[in-house]
Amino acid sequence: IKAEGGCVSTDICNSVTITAEDITPPTIICSQEIMINTEFSCQSILGDYTSEVMAIDYCDNNSLITQFPAPGTMYSGNQTVYFTATDFSGNQNICDIEIITQISNSISETACDEFIWDGENYIESGVYSNSYTTSTGCDSTVTLDLTINNSSTNTIPITACDTFTWDGVTYDSTG
């Protein structure tokens, strides 16, 4: 607080002007990380994540929140995004959020008795997933929707005179 003016003597007093000066930056709170799923590439376009940030300032309830890099910026892999909260007096505070980019792919397979995926043998139907990291640092998750059809064999004893036809094939001997 700064005061200007005052009394020159006990008989002559001027008006006093008191000015409050805001020198405290706003408090800024960022979420820890945001997971982004893409289908084919580790490249993505940066969204507007300012809604993930909260700024609190006791002198100004309308702090301006800006993002760098700006929304619409192309990036590859994971990206750190910086946010600045600026109050009416120009005081600033920053925080950042890590954008984790992950490729998500799904495949469906049908196999007889077993299916080998990444060196592992699967003998039951189900949904399985494996995680990988690309050379650009992008996480990749592949989900496998697997159907296992179990084979079966049956022996049916048949007695026939001369010939027997089964599934369009005529048999004339034992075997």
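Using 0.36 nm per residue of separation minus the Cα-Cα distance, give me the extension gain between Phe88 and Thr163 in nm, one decimal. Walk me through the numbers on the way to the answer.
Values: separation 75, 0.36 × 75 = 27.00 nm, distance 10.00 nm.
Between Phe88 and Thr163, full extension yields an extra 17.0 nm.
Heavy atoms only, probe 1.4 Å: what % of the accessible area of the chain goes to carbon and sulfur, would you let me know?
On the way: 6290 of 12520 Å².
Its accessible area is 50 percent carbon and sulfur atoms.
Within segment 20-67, which chymotrypsin sites (Phe, Trp or Tyr not before Pro) sit in a loop by DSSP and count at most 10 neighbouring Cβ atoms inside 10 Å? Please report the intermediate quantities before stating the final value.
Details: sites: Phe40, Tyr49, Tyr58; in loops: Phe40, Tyr49, Tyr58.
Those that pass, being in a loop and sparsely packed, are Phe40, Tyr58.
Per residue, how many Å² of accessible area does segment 27-74 show with a 1.4 Å probe? Please list the in-between numbers first.
Working: 3340 Å² over 48 residues.
I get 69 Å² per residue for this part.
Using packing as a proxy for protection, rank 90-101, 64-75 so that the peptide with the highest average count of other Cβ atoms within 10 Å comes first.
Working: 90-101: 16.4, 64-75: 13.6.
The most tightly packed comes first, giving 90-101, 64-75.
How high is the relative contact order of the chain, in percent, with contacts defined as C-alpha pairs under 8 Å that are six or more residues apart? Provide the component values of the computation, followed by the final result.
Details: 335 pairs, mean separation 31.4, N = 175.
With pairs under 8 Å counted, the relative contact order is 18 percent.
What's log10 of I(q)/I(0) for segment 80-175 at q = 0.17, 0.25 Å⁻¹, Debye sum over Cα points only, no solvent?
Values returned for q = 0.17, 0.25 Å⁻¹ are -0.89, -1.21.
What share of the DSSP beta bridges in the chain is antiparallel, in percent to the nearest 5? Each step should come with its number before you reach the end.
Working: 39 of 56 bridges.
Counting DSSP beta bridges with both partners in the chain, the antiparallel share is about 70 percent.
Strictly greater than 26 Å: what percent of every Cα pair in segment 22-164 meets that? Write down the numbers at each step before the final one.
On the way: 5462 of 10153 pairs.
The answer is 54 percent, as a whole percent.
The values are calculated or read from the model by the stated rules, or taken from the named source; none is laboratory data. No experiment lies behind these values; they were computed from the predicted model shown. Every residue, glycine as well, gets a Cβ built from its backbone with ideal geometry; the counts of neighbours run over all protein chains shown. Areas reflect the complete protein model, heavy atoms only, side chains present, ligands, DNA and RNA absent. Shrake-Rupley method; radii C 1.70, N 1.55, O 1.52, S 1.80 Å.
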